[in-house]
Amino acid sequence: MPLAEKVRALIIDMDGVLWRGQTLLGGVREFFRFLRGSQLRFVLATNNSAATFEKVSERLASAGATIQPEEFLTTAEACASFLTKHLPSGAPVYVIGERGLREAITRAGFAILETSDTAEAVVVGLDFQVTWQRLSEAALALGRGVLFVGTNPDPSFPIERGLAIGNGALLAALQATTGCSPVLIGKPEPHLFLEALGRLRTPPVETVVVGDRLETDILGGQRAGLRTALVLTGVTQAQDLNGSSVKPDWVFENLHALRRALEGH
């Protein structure tokens, strides 16, 4: 089926799709111009809990694109929502993660601790300043059997020079130390996609996930009952498709090719 047929909305990953590290990928300006011109609805949904609306909107503005707060969704928000269902209001939480995650958890009414002695949960997201001491604090709390939540399982994070440490690697270190397994909130679990669908108000059959990872974006989209489009500008490369049981509905070299397909060319 041509991609342009019966597509009313997109759920779009960011790292590896719109940029690598701090560098915008080619075609971003034209892609968002097309989205606005065609009135296709979209939500940017990322496993990167460090992302904030302010930073993302500023980066896109440099490419002449604008987004609204309801068009932006991260695992930080999803984690905060999960905690409200499993902890009492105001409960103390030990957090490894960047500003986006910490602010989301604070807005949800929880107290973020600097040490883990009285923590009722440990939440771990991508943290560019993580240290041995902070990981050890988390391990000590987990040794007491507190709730263990991970924003996402991505083992790597695409930057300009290649693949760097991702949140899955931090979770693996804590699992190796404590034997505890986290509750995972982000892709490939369906939570983010279902939240995005709620915002878009479009049927799954008319909504397409755009991502750069087979094992997170594409698998998660499939688990949520959505069609999927892989772009080869991030983690998954063309040769990886042959040995994978996860098969996207469409594969595109880059955003330019994706845009042309959406235009019906």
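Taking 7 Å steps out from each Cα toward its Cβ at Q133 and A4 produces label points 5.8 nm apart.
Near L10, the amide H atoms lying under 5 Å from its own belong to R41, F42, V43, V208; only residues 5 or more places off or on other chains count, and H is placed 1.01 Å from N. Legend: ranking of residues H256, H191, H86 from fewest to most surrounding C-beta atoms inside 10 Å; resulting order H86, H256, H191.
Among the GluC sites (Glu not before Pro) found in segment 93-176, those both in a DSSP coil and sparsely packed, with 10 or fewer other Cβ atoms within 10 Å of their Cβ, are E114, E160. DSSP finds beta bridges in the chain, and of those with both partners inside it, around 15 percent are antiparallel. Over every Cα atom in the chain, the radius of gyration and the widest Cα-Cα span, Dmax, amount to 18.4, 59 Å.
Compactness of segment 169-221 is given as radius of gyration and Dmax, 14.3, 44 Å, from Cα positions. On a 0 to 90 degree scale, rounded to 10, what angle separates helix 132-142 from the longest Cα axis of the chain? Orientation of helix 132-142: about 70 degrees from the principal axis.
Structure remark: mean-square fluctuation, Gaussian network model of the chain, C-alpha springs under 10 Å; the largest value among L25, L126, L192 belongs to L25.
Checking every one of the trypsin sites (Lys or Arg not before Pro) in segment 85-121 against DSSP loop status and a limit of 13 other Cβ atoms within 10 Å picks out no site at all.
Note that segment 33-50 has calculated 3J(HN,Hα) couplings of 4, 5, 4, 5, x, 8, 6, 6, 7, 7, 10, 7, 10, 10, 6, 6, 6, 7 Hz, one per residue in order, obtained from phi through the Karplus relation 6.51 cos²θ - 1.76 cosθ + 1.60 (θ = phi - 60°); glycine and proline are x. Taking the chain as a Gaussian network, where each spring joins two C-alpha atoms under 10 Å apart, which residue of T236, T46, T216 fluctuates the most? Largest GNM mean-square fluctuation: T236.
Dividing the alpha-carbon Rg of segment 49-114 by 2.2 N^0.38 Å yields what?
Values: Rg = 13.5 Å, N = 66, 2.2 N^0.38 = 10.8 Å.
Against the empirical 2.2 N^0.38 Å value, I get 1.25 for segment 49-114.
A straight line joining the Cα centroids of segment 58-79 and segment 185-253 runs 19 Å.
Between T115 and R36, what length comes free when the chain is fully extended (0.36 nm per residue of separation minus the Cα-Cα distance, one decimal in nm)?
Numbers: separation 79, 0.36 × 79 = 28.44 nm, distance 4.60 nm.
Between T115 and R36, full extension yields 23.8 nm more.
Once Rh is set to the Kirkwood radius over Cα pairs, what Stokes-Einstein translational diffusion coefficient, in µm²/s, holds for segment 191-259 at a temperature of 4 °C and a viscosity of 1.567 mPa s? It comes out at roughly 106 µm²/s.
Starting from the Kirkwood Rh over alpha-carbon pairs, what translational D in µm² s⁻¹ does segment 120-226 have by Stokes-Einstein at 20 °C and 1.002 mPa s?
Working: Rh = 15.1 Å.
Here the translational diffusion coefficient equals 142 µm²/s.
Using 0.36 nm per residue, how much length does the chain from S244 to V183 gain when fully extended, once their Cα-Cα distance is taken away? Don't jump to the answer; show the numbers that get you there.
Working: separation 61, 0.36 × 61 = 21.96 nm, distance 2.47 nm.
Here the segment from S244 to V183 would lengthen by 19.5 nm.
Arranged from fewest to most other beta-carbon atoms within 10 Å of their beta carbon, F157, F128 become F128, F157. About the centre of its Cα atoms, the chain shows a dipole size close to 520 debye [charges on the beta carbon of Lys, Arg (+1) and Asp, Glu (-1) only; nearest 20 debye]. Arranged from fewest to most other beta-carbon atoms within 10 Å of their beta carbon, W132, W19 become W132, W19.
Read-outs throughout are calculated quantities, based only on the coordinates presented, and are distinct from any laboratory measurement. On a predicted model such as this, the values are computed, not experimentally measured, just so you know. Neighbour counts are summed over all protein chains in view; Cβ atoms, including those assigned to glycine, are modelled from backbone coordinates with ideal geometry.
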